[in-house]
Amino acid sequence: MGWNSWNHFASTVSDAVIRGQADAMVSSGMRDAGYIYVNVDDTWEGERDSKGVLHPNAKFPDMKALADYVHGKGLKLGIYSSPGPKTCAGYEGSYGHEEQDAKTYADWGIDYLKYDLCGLRPLMAKAPSKAAAHQMMLEAYRRMHAALRKTGRPIVYSLCQYGKDDVWKWGASVGGNLWRTTEDISDSYLSMAGIGFGQIDLARYAGPGHWNDPDMLEVGNGGMNEDEYRTHMSLWALLAAPLLAGNDLSAMTPATTALLTNREVIAIDQDRSGIQGERVWVEGALEAWVKPLADHSKAVGFFNRADKTATAEAQVPLAKLGLQGPVHAHDVWKNKDLGVLPETVRVTIPAHGVALMIIRPGPAPHTQGSPPQA
């Protein structure tokens, strides 16, 4: 859980921006809700000196001092690079300098590395076969993993290669803690829904220490309405996805803060069992996704994907959710107990919206989940 600079700031990210976002992560309550990593994406890189050591550009005058500032807030600092000679934005990549760069990151106090395939693609295109290109990619990711481990510093290793070559099948074998399963998200319902609802059949590849990553959150960037952002948060939580906010934390509305810091939603995402939810029911534009939780209850999201303004009613037999009645239901977003359901869940859902529930066997009263430890 944390924040990444790219979705909102892109190439305008700077030392001042990162400090401001770290401040806002604390003052908004996001840190206390579990958001820890403050991640600098592309365009921070400067030039290498005569010894090959990479230095940040003028936007980041002292990366060690920035890390110290972020750490002083009880947060962690992340950074970005590429296994190729250049990054996506054309800045200096880590190709041929993996150990050197990893040592630099560790010396600065970096806690997270996003490693973006972009710059290696031109070299892969010159490989004699698709199999050779694939092997080149795996070896590049393994080299950086080995370099990070050699530093002795715990650094989260995020593979960003857009889900190519079924990365979920081999990401853990090259040291990845998380791996992107899709192309870049954008701040629209079409993009978010295409990515989120497209995570079918990937659950068996995720678990503690190695996660499917459907990309960063767009909540609060303005391209979707509140129902759509609520769908975004609910779906990512059910998917046990990394929660990396991508908005301007220093300019959040109360509604955005409430969406990002809802403790029950976060508890679903961060549930200690680490099980990724799956789709279990479809009827027209309506879907139900279920995530088993460690306390034997289930988080269930009922989604209305219809491109209309009208609400729709879902009537889902408990058996379709892997449950037998009676059960006790709790509406997460409304923070409302729904009582005992004997055989069927009936729920009204707005267009592009969601009803997110915790459903537990038997008629016992609901106990709200605890937030993750910061």
**Unit charges at the beta carbon, dipole of the chain: most positive-side option, LEU148, GLY222, LEU249** = LEU148
**Prompt:** How much mean residue ellipticity at 222 nm does the chain get from its helices, if each DSSP H run of length 4 or more adds -39500 (n - 2.57) and you divide by all residues, to the nearest 500 deg cm²/dmol?
**Reply:** -8000 deg cm²/dmol
**Message:** Can you give the local net charge around GLY322? Use residues other than it whose beta-carbon is closer than 13 angstrom to its beta-carbon, Lys and Arg +1, Asp and Glu -1.
**Reply:** +4
**Prompt:** Just how large is the dipole of region 40-174 about the Cα centre, in debye to the nearest 20, putting +1 at every Lys and Arg Cβ and -1 at every Asp and Glu Cβ?
**Reply:** 340
**Asked** ³J(HN,Hα) across region 219-231 via Karplus (A = 6.51, B = -1.76, C = 1.60, θ = phi - 60°), whole Hz, x for Gly/Pro?
**Response** 4, x, 8, x, x, 10, 8, 5, 4, 5, 5, 5, 4
**Asked** Cα centroid distance between region 59-116 and region 151-205, in Å?
**Response** 20
**Magnitude of the charge dipole, the chain, Cβ model with Lys/Arg +1 and Asp/Glu -1, debye to 20** = 800
**Request:** Pairs to check: LYS76/LYS291; LYS298/LYS334; LYS59/LYS164; LYS51/LYS126. Give those whose C-alpha atoms are more than 22 Å from each other in this structure.
**Result:** LYS76/LYS291; LYS59/LYS164; LYS51/LYS126
**Fill in**
1/(1 + (r/R0)^6) with r = Cβ-Cβ of ALA16 and GLU99, R0 = 25 Å, i.e. FRET efficiency to nearest 0.05, evaluates to 0.20
**Fill in**
Here the residues of region 91-106 lying in the modelled label zone of GLU139, meaning backbone nitrogen under 14 Å from a point 7 Å along Cα-to-Cβ, are 96
**Complete:** Residues whose modelled amide H sits under 5 Å from the amide H of LYS76, counting only those 5 or more places away in sequence or on another chain, are TYR37, VAL38
**Prompt:** DSSP loop trypsin sites (Lys or Arg not before Pro) in region 5-59 with at most 16 other Cβ atoms within 10 Å of their Cβ, which ones?
**Reply:** LYS51
**Fill in**
Comparing THR43, THR181, THR309 in a Gaussian network model of the chain (Cα, 10 Å), the one with the largest mean-square fluctuation is THR309
**Asked** By DSSP, what percent of the beta bridges with both residues in region 2-269 are antiparallel, rounded to the nearest 5?
**Response** 15
**Request:** Using amide H atoms built 1.01 Å from N in the peptide plane, name the residues 5+ places from GLY207, or on other chains, whose amide H lies under 5 Å from its own.
**Result:** ASN212
**Asked** Which one of LEU286, GLY176, ILE359 has its Cα pushed farthest toward the positive end of the charge dipole of the chain, where Lys and Arg give +1 and Asp and Glu give -1 at the Cβ?
**Response** GLY176
**Request:** Would you be so kind as to identify which of ALA133, LEU113, CYS88 lies farthest towards the positive end of the dipole of the chain, taking Lys and Arg as +1 and Asp and Glu as -1 on Cβ and the Cα centre as origin?
**Result:** ALA133
**Prompt:** What distance in nm separates the simple spin-label points at ARG48 and LYS150, each placed 7 Å from Cα in the Cβ direction?
**Reply:** 1.4
**Message:** Apply the Karplus curve 6.51 cos²θ - 1.76 cosθ + 1.60, θ = phi - 60°, to the phi angles in region 192-209 and return the couplings in whole Hz, x for Gly and Pro.
**Reply:** 4, 5, x, 6, x, 6, x, 8, 5, 6, 9, 4, 5, 8, 10, x, x, x
**Request:** Hey, can you grab everything whose amide H is under 5 Å from the amide H of GLY353? Only 5+ residues off in sequence or another chain; H modelled, so Pro and N-termini drop out.
**Result:** ASN304
**At R0 = 22 Å, FRET efficiency that the Cβ-Cβ distance of ALA251 and ASP32 yields, to 0.05** = 0.65
**Asked** Tell me which aspartates and glutamates have Cα within less than 14 Å of LYS169's Cα, excluding those fewer than 8 residues away on the same chain?
**Response** ASP201, ASP213
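No value in this document is a laboratory result; all are computed from the given coordinates. Because the structure is predicted, anything quoted here is derived from the model rather than measured. FYI the Cβ positions are ideal-geometry reconstructions off the backbone, even for glycines, and counts take in every protein chain you see.
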